[in-house]
Amino acid sequence: MNIDIYNEFSDILKKIWTEFEEEININSFQSFDWLDNWQKIIGKPLISTEPQIVHIYNHEKTFAIFPLAINKKYGINILEWIGGVNTDYMGPLVHSELKSVAKFEDYWNLILSKIGSFDLIHFQKQNEQTVSILNYLGFSNENHSLYLKAYNTLLAEDWDQHYKTIKKRIRSDSERQIRRLKKIDTINFDIAESISDKKYIIEKMIEQKYNRYEKTKVWNMFKIQHYKDFYEKLAYLDSKRFQVHCSSLKVGNEIIATHVGIYNKRIFYYLMPANNFNEWEKFSPGRLLLIKLLEWSVKNKLSMFDFTVGGETYKKIWCDQEINLYYSLKAITLKGKIYCNFLNMKLQIKKSIFLSGIIRKMKSYVS
């Protein structure tokens, strides 16, 4: 077995990667196009991400690609998956025959010996398959922890059939909201076909998201130009592995809800929904647009609608499958151990805040 390390998304790597994509099943976030686009617009200029992309092969046959990178935070070098907050599922691209060729237990340390120096391994948003691969190669199981959920739903072959699976109260209320909106003006569900139309909807989505982030006082990525650029440039992205899908719900000439996502031959990824909550929130515009996206996905013969990362309560209403996502932490140096303790403390605080929120809701229901 041979191991090569690539420090950039070169043309040579693109050929290897895109040919490998044709041989195996991957999610769209593992594609060369998605991660190359992220690295060019956010990774390199904003975070100074240094790619450490691992290519495992034998006799010109690729068995795995690990899209890794080293990021520096507070003077600590951290080994991570490439993709940052904009990438919902992370992990290696792996051929089913990898386990038959990588047989000895310490293969993981051999991979790490080829990579530049770092203080800490911090992997995020990994499914159970990725954790299994890491364990097989010699990454200790003790370093993995469950911390996130993702949800998706299988789509029926016929829209009428799938529509009946949606809870009756949601269907009834959505139909009522549509009747209310029709009294105001005509309703249109628009899907962008041209680059200029995609760009317009993306800009509108960013505007709506920006306002929402500010109102809810959460971190507002769109205060940083690089994140705006990343989504705006999706309008121009041409990939064989996925398509960018931009849609809007309009009442008359006003856009009241938007969505920017991606889809491939099987799956629709629900990524960036937004709406004009100040004036139209009482009509549930985001939900109305979501139903239209589900209908579009069914009619275009997709088999799954993926709500991606996040354990928001509303997702459970729409979904019939739950995915566990894991993070992996392992300190390599003393500096790494100190930062590892800091990260664990942050995660415990987040969990306690989450649990206290659930308790408050339960008490409100009881009272």
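Along the charge dipole of the range 77-136, pointing to its positive end and built from +1/-1 on Cβ of Lys, Arg, Asp and Glu, which listed residue (TYR107, THR130, TYR89) has its Cα farthest out?
Final value for the positive-end residue is TYR107.
For the range 1-35, which GluC sites (Glu not before Pro) are both in a DSSP coil and crowded by at most 16 other Cβ atoms within 10 Å?
Counting only loop positions with at most 16 other Cβ atoms within 10 Å, the GluC sites (Glu not before Pro) in the range 1-35 are GLU8.
Would you mind checking which residues have amide H under 5 Å from GLY311's amide H? H placed 1.01 Å from N; only 5 or more apart, or other chain.
Long-range HN contacts for GLY311: LYS149.
Roughly how many Å is it from the Cα centre of the range 248-275 to that of the range 38-58, as a whole number?
Cα centres, the range 248-275 to the range 38-58: 29 Å.
What number, rounded to the nearest 500 deg cm²/dmol, is the helix-based mean residue ellipticity at 222 nm of the chain, given -39500 (n - 2.57) per DSSP H run of at least four residues and division by all its residues?
Values: 13 runs with 151 residues, N = 367.
Estimated from H runs of four or more residues: -12500 deg cm²/dmol.
Quick one: dipole size for the chain, taken about the Cα centre, charges +1 on Lys/Arg Cβ and -1 on Asp/Glu Cβ, in debye to the nearest 20.
On the way: 53 positive and 42 negative charges, 385 e Å.
Here the size comes out at about 1840 debye.
State the Cα centre-to-centre distance between the range 321-338 and the range 194-208 in whole Å.
That distance is 36 Å.
In the structure shown, do any of LYS15/LYS73; LYS167/LYS282; LYS215/LYS299; LYS99/LYS330; LYS72/LYS198; LYS44/LYS73 have a Cα-Cα gap over 25 Å, and if so which? Mind showing how you got there, number by number?
Details: LYS15/LYS73 32 Å; LYS167/LYS282 19 Å; LYS215/LYS299 36 Å; LYS99/LYS330 23 Å; LYS72/LYS198 34 Å; LYS44/LYS73 14 Å.
From the list (LYS15/LYS73; LYS167/LYS282; LYS215/LYS299; LYS99/LYS330; LYS72/LYS198; LYS44/LYS73), the Cα-Cα distance tops 25 Å for LYS15/LYS73; LYS215/LYS299; LYS72/LYS198.
So for each of 235-245, 100-110 I average, over its residues, the number of other beta carbons within 10 Å; can you give me the resulting order with the highest mean first?
Numbers: 235-245: 16.6, 100-110: 13.2.
Those peptides, ordered most packed to least, come out 235-245, 100-110.
Charges at C-beta only: +1 for Lys and Arg, -1 for Asp and Glu. How large is the resulting dipole of the range 169-305 about its Cα centre, in Debye rounded to 20?
Details: 27 positive and 16 negative charges, 113 e Å.
Using Cβ point charges on Lys, Arg, Asp and Glu, the range 169-305 gives about 540 debye.
Would you please calculate the Kirkwood hydrodynamic radius of the chain over all C-alpha pairs and express it in Å, rounded to one decimal?
Working: mean 1/r = 0.0447 Å⁻¹.
Final number for the Kirkwood radius of the chain is 22.4 Å.
Among HIS245, LEU302, TYR270, pick out the residue whose Cα is farthest towards the positive end of the charge dipole of the chain, where Lys and Arg carry +1 and Asp and Glu carry -1 on C-beta, about the Cα centre.
It is TYR270, whose Cα lies furthest towards the positive end.
Taking a probe of 1.4 Å, how large is the accessible area per residue of the range 71-167, in Å²?
Values: 4580 Å² over 97 residues.
I get 47 Å² per residue for the range 71-167.
From the C-alpha gyration tensor of the range 130-288, pull out the three semi-axes of the equivalent ellipsoid (sqrt of 5λ each), sorted largest to smallest, in whole Å. Present the calculation step by step, with values, prior to reporting the outcome.
Numbers: eigenvalues 195, 99, 65 Å².
Computed over the range 130-288, the values are 31, 22, 18 Å.
Rolling a 1.4 angstrom probe over the protein heavy atoms, how many square angstrom per residue are accessible across the range 171-241? Before the final figure, lay out the partial values.
On the way: 4530 Å² over 71 residues.
Accessible area per residue, the range 171-241: 64 Å².
Tally up the carbon and sulfur contribution to the accessible surface of the chain as a whole percent, 1.4 Å probe, everything protein left in place.
Accessible surface attributable to carbon and sulfur in the chain totals 49 percent.
What Kirkwood radius, in Å to one decimal, follows from the Cα pairs of the range 77-135? Spell out each step's value before the answer.
On the way: mean 1/r = 0.0771 Å⁻¹.
Answer for the range 77-135: a Kirkwood hydrodynamic radius of 13.0 Å.
The values are calculated or read from the model by the stated rules, or taken from the named source; none is laboratory data. Nothing here was measured: the structure is a model prediction, and the numbers come from that model. Virtual Cβ from ideal backbone geometry, glycine too; neighbours counted across all protein chains shown. To get the accessible areas, we keep the full protein, side chains included, count just its heavy atoms, and leave off ligands, DNA and RNA. Shrake-Rupley method; radii C 1.70, N 1.55, O 1.52, S 1.80 Å.
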